[in-house]
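Contents: one structure, followed by commentary.
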Amino acid sequence: MGKMLFLQGNEAVGMAAIKAGCRFFAGYPITPSTEIAEYMSRELPKVGGTFIQMEDELGSAAAMIGASLAGVKSMTATSGPGFSLMQEALGYAIMTEVPCVFVDVMRGGPSTGLPTKPSQGDIMQIRWGTHGDHHIIAIYPSTVEEVYNYTITAFNYAETYRTPVVLVLDETLAHMRENVYFDYEKENPQVVERLKEVDIGEEELFLPFDLEERFSVNPLVEMGKSRFHVSGLVHDESGFPIRDPNTISKVIEHLDSKIRLSAEEISIYNEYMLQDADIVVVAYGSVARSALKAVKQARSDKIPVGFFKPITIWPMPTSRLKMIFKNAQTIIVPEMNMGQYVKEMSRLNKMNKHVESLTKTSGELITPEEILNVIMKMWVQITEM
C-alpha cells in the first residue's frame with residue numbers, strides 16, 4: 001500500500017528535506033527556486049522547524065551555517081545570481097566543515113539572464129565558484145522522484161563528510177510535475193543523524209578539527225553540548241587560527257582528501273546498454289531525459305549506442321568514465337551551456353577517442369531529435385572508417 005503524489009520538483013525538495021531532518025531554512029526569493037522557500041515556510045513550522053526570509057542571499061547562507069553549527073540540519077535555496085552571492089559563505093562552510101545543503105536551481109545567465117528558462121550554466125561555478133583549493137559534492141537528479149530521493153542523499157552526504165553539499169536542479173526540473181509513488185512499507189529512508197553529545201571529560205576540550213587520524217572525518221556535536229572555536233581562518237584541532245606551515249598544509253590536504261579519496265563511494269550514476277556500445281551519450285539533469293529517449297530510438301534502429309547519466313556531477317565518477325572511454329569509439333556530451341562538462345570529460349580521454357559536444361544556450365531544452373541527429377552523424381562516420 002502507498003500513495004501517489006503529483007509533485008513539482010521544487011516541492012519534492014522541500015518534502016524530502018523535512019524527511020531528512022531539515023529543521024531550519026533561510027532564504028531569499030528568486031526565480032526559479034522560490035517554491036522551495038514557499039514550501040518550507042508553510043511546512044517547517046508544522047514539525048517544529050524554523051523558516052526565516054533573510055535580507056539577501058549571503059545572509060541566508062550565513063544563517064544556515066550558524067543554525068547547522070547550533071545542531072540543526074539546515075538548507076538554503078537559490079538560483080544563479082543568488083548562488084554567486086553565496087560563494088563566500090560556501091567557502092566558509094567548506095573551511096569550517098559545516099554540514100548543510102545549498103540548492104541551486106539553474107537558469108540562464110550571466111547576470112539576470114533568463115529567469116524563467118532552463119540552463120546548465122552553473123556547472124563550473126558549482127565546482128570552482130568559491131576561492132581556494134577545495135572539493136565539493138554536487139548532486140543533479142533528472143526526475144522528480146530522483147529529486148526526492150537525492151535530496152535525502154544530499155543531507156546524508158553533508159553529515160557523513162561534514163561538508164556543504166550542492167543539490168542541483170534546472171528550471172525545467174524544478175517546475176515540472178510528475179507522479180511519485182510512496183510505498184508506506186519503504187517510506188523510511190536511511191537518514192544520517194548528527195551526534196547530540198560526545199564522551200569527553202568536563203575539563204577536556206572537544207576537538208572537531210582533529211587531524212591526528214589522516215583523512216578521517218571527525219564528528220560535529222552541537223554547540224552548547226561541546227566547546228570549540230569556529231573560524232574561516234586555517235585553524236588547529238580546536239578551531240583556533242594557526243600559522244604553522246606544516247599544520248596549514250595538513251588542513252588544506254584534509255579538506256581535499258576527505259572527498260577525493262571517497263569519490264568512488266560518493267559517485268552515483270545510471271547506465272543504459274553500455275555493454276556493446278560504440279557510441280555513448282553522457283548527459284545530466286533535464287538533458288538526460290532527452291538523451292535516454294534518443295538512445296532508445298537509436299537502439300530500435302540497430303545502432304550500438306549507450307547512455308551514461310552522472311548524478312553526482314562532482315566529484316566526477318572518474319573510474320567509470322575512464323572505462324567508457326576505453327570501450328567506446330565516440331562520446332557525445334549534450335548540455336545546456338557552451339560545453340562546461342565536456343571539457344572535464346575530455347581531460348579523462350587518455351586514449352584520444354572522439355568527443356562530440358552538443359550545446360544549446362537559447363533557454364530551450366535540447367530535444368531527443370537533436371541528440372538523435374548527432375548519434376546518426378557519428379554512426380555514419382564510424383561505419384565509413
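The values are calculated or read from the model by the stated rules, or taken from the named source; none is laboratory data. Nothing here was measured: the structure is a model prediction, and the numbers come from that model. No Cβ is skipped: glycine too gets one built from the backbone with ideal geometry, and neighbour counts run over all protein chains shown. These accessible areas exclude ligands, DNA and RNA; they are computed on the full protein's heavy atoms, side chains included. Shrake-Rupley method; radii C 1.70, N 1.55, O 1.52, S 1.80 Å.
Would the range 78-167 count as rounded, prolate or oblate if I go by the C-alpha gyration tensor, calling it rounded below 1.5 in a/c and otherwise prolate when a/b exceeds b/c, oblate otherwise? Working shown, then result.
Working: a/c = 2.33, a/b = 1.17, b/c = 1.99.
Oblate, since a/c reaches 1.5 and b/c is not below a/b.
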* Structure fact -> Over the chain, with neighbouring protein chains present, the accessible area per residue in Å² at probe 1.4 Å is 44
* Is the shape of the range 17-68 best called rounded, prolate or oblate, per the rule: a/c under 1.5 gives rounded, else a/b larger than b/c gives prolate, else oblate, with a ≥ b ≥ c the square roots of the Cα gyration tensor eigenvalues? -> oblate
* To do: Please work out, to two decimal places, the log10 of the ratio I(q)/I(0) at q = 0.10, 0.18 Å⁻¹ from a Debye calculation in which every Cα of the range 7-164 carries one identical scatterer.
  => -0.30, -1.07
* Amide H contacts under 5 Å for Thr312, placed H, 5+ residues apart -> Tyr140, Ile268
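Please give the peptides 186-194, 251-259 ranked by average Cβ packing (other Cβ atoms within 10 Å per residue), highest first, as a rough proxy for protection. Write down the numbers at each step before the final one.
On the way: 186-194: 11.8, 251-259: 17.0.
Output ranking for 186-194, 251-259: 251-259, 186-194.
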* Mind listing the long-range amide H neighbours of Phe206? Cut-off is under 5 Å, sequence gap 5 or more, other chains count too, H placed in the peptide plane at 1.01 Å from N. => Arg227
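Take the alpha carbon gyration tensor of the range 213-339, find the square roots of its eigenvalues, order them as a ≥ b ≥ c, and report rounded if a/c is under 1.5; if not, report prolate when a/b exceeds b/c, else oblate. Intermediate values should be presented prior to the final figure.
Numbers: a/c = 3.50, a/b = 2.92, b/c = 1.20.
Prolate.
How do the peptides 308-321, 48-61, 140-153 rank, highest first, by the average count of neighbouring beta carbon atoms within 10 Å per residue?
Values: 308-321: 20.9, 48-61: 17.3, 140-153: 23.8.
Highest to lowest by the protection proxy: 140-153, 308-321, 48-61.
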* **Spatial separation of Cα centroids for the range 63-104 and the range 219-275, in angstrom** => 15
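Quick one: which of Lys46/Lys73; Lys302/Lys322; Lys117/Lys360; Lys19/Lys46 span more than 21 angstrom between C-alpha atoms? Write out the running numbers ahead of the final one.
Working: Lys46/Lys73 16 Å; Lys302/Lys322 25 Å; Lys117/Lys360 12 Å; Lys19/Lys46 13 Å.
Violating the 21 Å Cα-Cα cut-off are Lys302/Lys322.
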* Calculate how many DSSP beta bridges within the range 27-172 are antiparallel, expressed in % of all such bridges and rounded to the nearest 5. => 5
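Take every DSSP beta bridge whose two residues both sit in the chain, then give the antiparallel share in percent to the nearest 5.
Working: 15 of 50 bridges.
Here the share of antiparallel DSSP bridges comes out near 30 percent.
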* **Residues with amide H under 5 Å from that of Val103, placed H, sequence gap 5 or more** => Thr76, Ala77, Thr78, Leu167
* Structure fact -> Matching label for the computed Rg and Dmax of the Cα atoms in Å, out of [x] 24.0, 100; [y] 19.1, 53; [z] 21.5, 76, is [z]
